[in-house]
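S.K.: Below: one structure in structure tokens.
The values are calculated or read from the model by the stated rules, or taken from the named source; none is laboratory data. Here the structure is a predicted model, which means the values were calculated and not measured. FYI the Cβ positions are ideal-geometry reconstructions off the backbone, even for glycines, and counts take in every protein chain you see. The protein model used for the area step is the full one, side chains on, heavy atoms only, and it has no ligands, DNA or RNA in it. Shrake-Rupley method; radii C 1.70, N 1.55, O 1.52, S 1.80 Å.
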Amino acid sequence: MTPVDHVVTSGTFSLDGGTWDVDNNVWIVGDEHEVLVIDAAHDAEKIAAAVGDRRVVAVVCTHAHDDHVNQAPALADRFGAPILLNPAEAPLWEMTWPDRKPDGELRDGEVLKAGGVELHLLQTPGHSPGSTCLYAPELKLVFSGDTLFNGGPGATGRSYSNFDTIISSIRQKLLTLPGDTGVRTGHGDSTRIGAESPHLEEWIARGH
């Protein structure tokens, strides 16, 4: 069994009075015994089927936009696992789950472990206040949520987002990773740090 399983789920994203159809990448990281579920989106049954009989160490939310957390409580309850989220995401989380709080916090520099895999937490605000990427050095992978995509930074045109902040986060926390680091994104195709880093100045010019 590979250390990373990938599930694509479909649903909607709603914020600021708009709703859009989206496909989300759900990442399951660990081994044959225990895993972390990253971004429990849209389809709890499909995600649970991919987990199988493995122990879920935690349901990790890279950020709290509703399309990334709408199945977090269902998966957490099903597997008896905690929901982990950066506390700066509270305003967004409460839009979807006003009567339930996350069980624990994601803090910059801390390390999560499952099945022998270490995921280093990189707080990368900008797309949202507490967006968090998860870097697995031994796998040469970073799970970027909606901070970095194939082709550029995540969206910053909605509430609780800021373009200058996301560019700073990407510059300081992601583009400093080895160029051959694979980027596993929250939506769409994967990429590599080395494929995105040459375009930083282009993003800045386009963003302004």
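S.K.: In terms of the ratio Rg/(2.2 N^0.38 Å) built on C-alpha atoms, what value belongs to the chain?
M.R.: 0.94
S.K.: Continuing with the same structure: Please check which bits of region 152-186 a label hung off Ile204 would reach, taking the label as a point 7 Å along Cα-to-C-beta and the cut-off as backbone N under 16 Å.
M.R.: 153, 163-176
S.K.: Skip the ligands, DNA and RNA, and give the accessible area per residue of the chain with a 1.4 Å probe, whole Å².
M.R.: For the chain, the solvent-accessible area averages 43 Å² per residue.
S.K.: Also: Using just the helices of the chain, give the 222 nm mean residue ellipticity in deg cm²/dmol: DSSP H runs with n ≥ 4 each add -39,500 (n - 2.57), and the total is spread over all residues, rounded to 500.
M.R.: Value at 222 nm, helices only, nearest 500: -5500 deg cm²/dmol.
S.K.: If you roll a 1.4 angstrom probe over the protein chains with everything in place, what fraction of the accessible area of region 17-132 belongs to carbon and sulfur, to the nearest %?
M.R.: Answer for region 17-132: carbon and sulfur cover 48 percent of the accessible area.
S.K.: At 0.36 nm per residue, minus the direct Cα-Cα distance, what do Ala49 and Asn150 gain on full extension? Give it in nm, one decimal, please. The partial results should precede the final answer.
M.R.: On the way: separation 101, 0.36 × 101 = 36.36 nm, distance 2.75 nm.
Gain on extension, Ala49 to Asn150, equals 33.6 nm.
S.K.: Over what distance in Å are the Cα centres of region 12-29 and region 135-155 separated?
M.R.: Cα centres, region 12-29 to region 135-155: 17 Å.
S.K.: Give, in nm to one decimal, the length gained when the segment between Thr12 and Ser197 is fully stretched (0.36 nm per residue of separation minus the Cα-Cα distance).
M.R.: 63.6 nm
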